[in-house]
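Working notes for the structure below.
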Amino acid sequence: MRNVGIILRRELASYFSTPVAYVFIVIFLMLAGMFTFYFGNFYEGGSATLDAFFFYHPWLYLFLVPAISMRLWAEERKSGSIELLMTLPVTLMDAVLGKFLAAWLFTGIALALTFPIWITVNYLGDPDNGVIFAAYIGSLLMAGGFLAIGTCLSAITRNQVIAFIITVVVCFLFLVSGIPLVLEPISAILPQSLVDTVAGLSLWTHFESIRKGVIDLRDLLYYAFLISAWLVANAIVLDGNKAE
């Protein structure tokens, strides 16, 4: 774990050594505010909740998280620095975990900076802070799922733009696989067990229950499995790249 910590600190410092991190945070906060107060009709709703705020998080992450993950390995492969990294006394999983945790922590910092919205809703009314806290946990877990997918897909190419596009497409499929618009057509051609399996893969489905304040062990296990599976796949892809 010591090596993971070293890589995490190195990666996290690299985020804040360029204006990119600050630009990302500003864009994230602006979009979160715009979706909450403008599209979500925060004031017109007349209730002290952050439903409007969290409702748009999956769509925010769909485009902003791949922007973080696309550089993680694609840039290392393009610059050739990945070869130097692989010569260091660290395992592939150390490197994968260190980079992933740094990106996740960075996303968590951006999410934490939305706390004025939480304060605002407490100032205006008497919200259920337990539900809001659970929704923050769900949002962070969903961001981790997006990041794990993006980190793995970043390792398959040297081109950051390609990594971004592939990640958006794959995350979109994981997102919409549980909505009625997708499930209803496939239920006509697939057995119910397969339809339930497809629905169970949805990031949206598992986030929705946590967003409503219900922290179910199955949802936590889903995110744990999703993140672990993509990180292991990431290490396998990197190991395969050694042969190139």
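What residue, among those in segment 233-244 that are in contact (Cβ under 8 Å) with a residue 40 or more places away in the chain and of a type in the set (A, V, I, L, M, F, W, C), is nearest to residue 179 (Cα to Cα)? Before the answer, list the steps.
To start, the set of residues in segment 233-244 that are in contact (Cβ under 8 Å) with a residue 40 or more places away in the chain comprises 233-235, 237-239, 241-242.
Subset that is of a type in the set (A, V, I, L, M, F, W, C): 233, 235, 237-238.
Working: 233: 26, 235: 31, 237: 31, 238: 33 Å.
The qualifying residue nearest to residue 179 (Cα to Cα) is 233.
Give me the pairs, please: first residue somewhere in segment 145-173 and touching a residue at least 12 places away in the same chain (Cβ under 8 Å), second residue anywhere and open to solvent by 10 Å² or more (accessible area, probe 1.4 Å) and not in a helix (DSSP H, G or I), beta-carbon distance under 6 Å, and either six or more positions apart or on two chains.
What qualifies is 163/157.
Would you please name the residue that is nearest to residue 15 (Cα to Cα), looking only at residues in segment 66-81 that are of a type in the set (A, V, I, L, M, F, W, C) and out of contact with any Leu (no Cβ under 8 Å at 6 or more places or on another chain)? Spell out how you get there, then give the answer.
Residues of segment 66-81 that are of a type in the set (A, V, I, L, M, F, W, C), as a first pass: 67-68, 70, 72-74.
So of that shortlist, the ones also out of contact with any Leu (no Cβ under 8 Å at 6 or more places or on another chain) come out as 67, 70, 72, 74.
On the way: 67: 12, 70: 13, 72: 11, 74: 15 Å.
Selected residue: 72.
Among (1) open to solvent by less than 50 Å² (accessible area, probe 1.4 Å); (2) under 19 Å from residue 16 (Cβ atoms), which single condition is residue 120 missing?
For residue 120, the failing item is (2).
Can you tell me which residues in segment 64-95 are farther than 17 Å from residue 152 by Cβ and under 19 Å from the mean Cα position of the chain (by Cα)?
Across segment 64-95, the qualifying residue is only 64.
From the list 146, 115, which one is more than 22 Å from residue 216 (Cβ to Cβ) and out of contact with any strand residue (DSSP E or B) (no Cβ under 6 Å at 6 or more places or on another chain)?
115
Could you tell me which residue of segment 79-102 is farthest from residue 1 (Cα to Cα), considering only residues that are in a helix (DSSP H, G or I), in contact (Cβ under 8 Å) with a residue 24 or more places away in the chain and open to solvent by 10 Å² or more (accessible area, probe 1.4 Å)? Explain how you work it out, then say what you get.
Restricting attention to segment 79-102, the residues satisfying the condition of being in a helix (DSSP H, G or I) are 79, 81-87, 92-102.
Narrowing further to those that are in contact (Cβ under 8 Å) with a residue 24 or more places away in the chain: 82, 86, 92-102.
Checking the rest, the ones that are also open to solvent by 10 Å² or more (accessible area, probe 1.4 Å) come to 82, 86, 92-94, 97, 101.
Details: 82: 20, 86: 17, 92: 12, 93: 10, 94: 7, 97: 9, 101: 12 Å.
Filtering first and then ranking leaves 82.
Could you tell me whether residue 135 is closer than 17 Å to residue 239 by Cβ, aliphatic (A, V, I, L, M) and outside any loop (DSSP other than H, G, I, E, B)? Lay out the reasoning, then the answer.
On the way: closer than 17 Å to residue 239 by Cβ: no; aliphatic (A, V, I, L, M): yes; outside any loop (DSSP other than H, G, I, E, B): yes.
No; evaluated as a whole, the condition is false for this residue.
Limited to segment 193-228, what total is found for residues that are part of a helix (DSSP H, G or I), farther than 19 Å from residue 176 by Cα and open to solvent by less than 40 Å² (accessible area, probe 1.4 Å)?
Of the residues in segment 193-228, 0 are part of a helix (DSSP H, G or I), farther than 19 Å from residue 176 by Cα and open to solvent by less than 40 Å² (accessible area, probe 1.4 Å).
Only one of these is touching a His at 6+ places or on another chain (Cβ under 9 Å), closer than 26 Å to residue 134 by Cα and modelled with pLDDT of 85 or more: 32, 102. Name it. Let's see the steps before the verdict.
Values: 102 fails: touching a His at 6+ places or on another chain (Cβ under 9 Å).
Among 32, 102, only 32 is touching a His at 6+ places or on another chain (Cβ under 9 Å), closer than 26 Å to residue 134 by Cα and modelled with pLDDT of 85 or more.
Scan segment 63-120 for residues that are at positive phi and of a type in the set (Asp, Glu) and jot them down. Full working, then the answer.
Initial filter on segment 63-120 (at positive phi): 80.
Across segment 63-120, there are no qualifying residues.
Among the residues in segment 105-113, are any open to solvent by 20 Å² or more (accessible area, probe 1.4 Å), part of a loop (DSSP other than H, G, I, E, B) and under 23 Å from residue 228 (Cβ atoms)?
no
Can you find a residue in segment 161-178 that is farther than 22 Å from residue 65 by Cα and open to solvent by 20 Å² or more (accessible area, probe 1.4 Å)? Talk me through it step by step, then tell me what you get.
At the first step, the residues of segment 161-178 found to be farther than 22 Å from residue 65 by Cα are none.
Among the residues of segment 161-178, not one is farther than 22 Å from residue 65 by Cα and open to solvent by 20 Å² or more (accessible area, probe 1.4 Å), which makes the answer no.
The values are calculated or read from the model by the stated rules, or taken from the named source; none is laboratory data. It should be emphasised that the depicted structure is a prediction, and the values quoted were computed from it without experimental measurement. Reconstructed Cβ throughout: ideal geometry from the backbone, glycine too, with neighbour counts over all protein chains shown. The protein model used for the area step is the full one, side chains on, heavy atoms only, and it has no ligands, DNA or RNA in it. Shrake-Rupley method; radii C 1.70, N 1.55, O 1.52, S 1.80 Å.
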